[in-house]
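Undergrad: Got a structure for you, questions after.
The values are calculated or read from the model by the stated rules, or taken from the named source; none is laboratory data. Everything quoted here is computed from the prediction, not taken from an experiment. Cβ: placed from backbone, ideal geometry, glycine included. Neighbour counts: every protein chain shown.
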Amino acid sequence: MSAHPKAKSLKHVLLIHELAFFLLVILAGTAGVIGMRIWDKSSQESQRIHLMVQEIQQTRGDLYRQMKELFDLYFLKDPNAQEEYNAYTLSIDAHFHNLLDLTADSEEKAAITELNDGYRSLTRETQLIFTLANNDNHIDLEQVLNTHLESNIFHRYELISARAEKLLLMKHGELSSRLEEVRHTAFTLLLIPIGLALLLLVFSRIFLNRAIVHPIRHVLDATREISTGNLDYHAPEEGVAELAELSAAINIMAEKLAHSQEALVRSEKQAALGLLVPMLAHNIRNPLASIRATAQVTDHEQLDQETRDSLAAIISTVDRLDRWTRALLAYLHPLKPHAGHTTLRQILQGALTPLQQKIQEKQLKLYLPDWESINDQLFTDENLLEQALYNVLLNAAEASPQAGELLIICHAFTDSLHIIINDEGPGMPFTPDPHAASPGPTTKRFGTGLGIPFAFKVMEALSGHIHFNARVKGGTSTEITIPRNYQSD
């Protein structure tokens, strides 16, 4: 078993998780910086407009004070009026200089320039007033103060000043609207990272449960089940790659433990049988030999037929028990292959030679492979493979009906030979178990039940495989795969 091909490693998942949080921090920080910069810029703009309005109001205040000095000169004959008037002129010039520095566009600059020109026109008129005051021309001075200065030039300056203030107030209103929009935008930009962070939190919780928490729980369940002896339990191979690989490793471990347990049980049973059977065989075969010898000696032509048939049955039964005992001893004996160069054709001929009489008795039609078209070279234990094939062919021949067909097919591959033996018998009444620790059942009158287990044992010793399959039209198909080159462990 292997991990899911799309599973990502825990390191990769954590990296993505950290990058997502890092991007959220960057997004939140960017939104905050943008909002702060916009707010700071708007605040500076608001402060600039406020300063311009304040400068215009201070300019108007100084201008009124200048006008007061003119009236003090006319009505109070104040000798310091000219000097104080000039001081206010310098202050107003400074205000206009500050206003020009504070302008941000041509429209503002044009408004301040127009206001400054209006003030210059006013100062030129006031110079005439000071001249008339020095010449004591009170009639002309009163006319200039009452009509020309107050109703014309000063009124025009007030209109220009009002327009400039209106422009600045309008800009201040626009700035307030922009600040409100910035506030909403900043709030929206702040909500986006918060919303993404909440989504990431929910997603992280779901992902962690699916990719880490649940797989770890399954791994713990698997370890508990396996520790109690349930080696058939399989942990789901899910989650991140590391946990999926861990589950796969646990499943493989459980399978190997199950195989090891089966092998251990089989070895223990084999060992027990290996100790018990030789002793039983010795204690059984000696009495059997005495019984057979007594039956043979007793058998005489003068005896009636029934007695002679009973003695023959005794001898036949003793021979069958002796064959069973010898077969059981051979089955329990450890197999040590001795490989050599040979051919499958030679091995099959050796296996078929003892069966010729049975094949002729049942009039079986035997079909052999076309050896001329097959490379059947082998490096294996000829004797063991011949015994295994003999047992399989013997079962097939005895199971076949009278005048039936016995078909042997061979497929040659680069590293192995694939042998198929088909018969037309009734089929096998049981499924052979290659791991059986004792002989299987038998349907033959004088069978020992050791033919198929012995074939399994030979295939295991020669690194081959044998399978028994039921044919669709009846009978059994035995498939044997044997490597071309046997390699001892």
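Undergrad: Output the residues belonging to the range 331-352 that are closer than 22 Å to ILE421 by Cβ and either exposed (fewer than 14 other Cβ atoms within 10 Å of the Cβ) or at pLDDT 90 or above (or both).
TA: THR342, THR343, LEU344, ARG345, GLN346, ILE347, LEU348, GLN349 - these are the residues of the range 331-352 that are closer than 22 Å to ILE421 by Cβ and either exposed (fewer than 14 other Cβ atoms within 10 Å of the Cβ) or at pLDDT 90 or above (or both).
Undergrad: Of everything in the range 267-316 that's surrounded by 15 or more Cβ atoms within 10 Å (Cβ to Cβ) and modelled with pLDDT under 75, which residue is nearest to LEU335 (Cα to Cα)?
TA: Checked the range 267-316; the qualifying residue nearest to LEU335 (Cα to Cα) is GLN270.
Undergrad: Can you name the residue in the range 106-120 that is touching a helix residue (DSSP H, G or I) at 6+ places or on another chain (Cβ under 9 Å) and loosely packed, with under 13 Cβ neighbours inside 10 Å and is also farthest from ILE56 (Cα to Cα) among such residues?
TA: So the residue we want is GLU107.
Undergrad: How many residues, within the range 465-488, are outside any strand (DSSP E or B) and hydroxyl-bearing (Ser, Thr, Tyr)?
TA: 2
Undergrad: Looking at (1) within 29 Å of ASP322 (Cβ to Cβ); (2) of a type in the set (Lys, Arg); (3) modelled with pLDDT of 90 or more, find the lone condition where LYS358 falls short.
TA: Among (1) within 29 Å of ASP322 (Cβ to Cβ); (2) of a type in the set (Lys, Arg); (3) modelled with pLDDT of 90 or more, LYS358 violates only (3).
Undergrad: Then there is this: Any residue in the range 97-113 that is in the same structural domain as HIS50 (by TED's automatic domain parsing) sitting within a Cβ distance under 7 Å of a residue that is surrounded by 12 or more Cβ atoms within 10 Å (Cβ to Cβ) and not in a helix (DSSP H, G or I)? List the pairs, counting only those 6 or more apart or interchain.
TA: Pairs that qualify, where the first residue is in the same structural domain as HIS50 (by TED's automatic domain parsing) and the partner is surrounded by 12 or more Cβ atoms within 10 Å (Cβ to Cβ) and not in a helix (DSSP H, G or I), are LYS109/THR103; ILE112/THR103.
Undergrad: Can I ask one more? Scanning the range 161-182 for residues that are touching a residue at least 12 places away in the same chain (Cβ under 8 Å) and basic (Lys, Arg), which turns out surrounded by the fewest Cβ atoms within 10 Å (Cβ to Cβ)?
TA: Out of the qualifying residues, it is ARG163.
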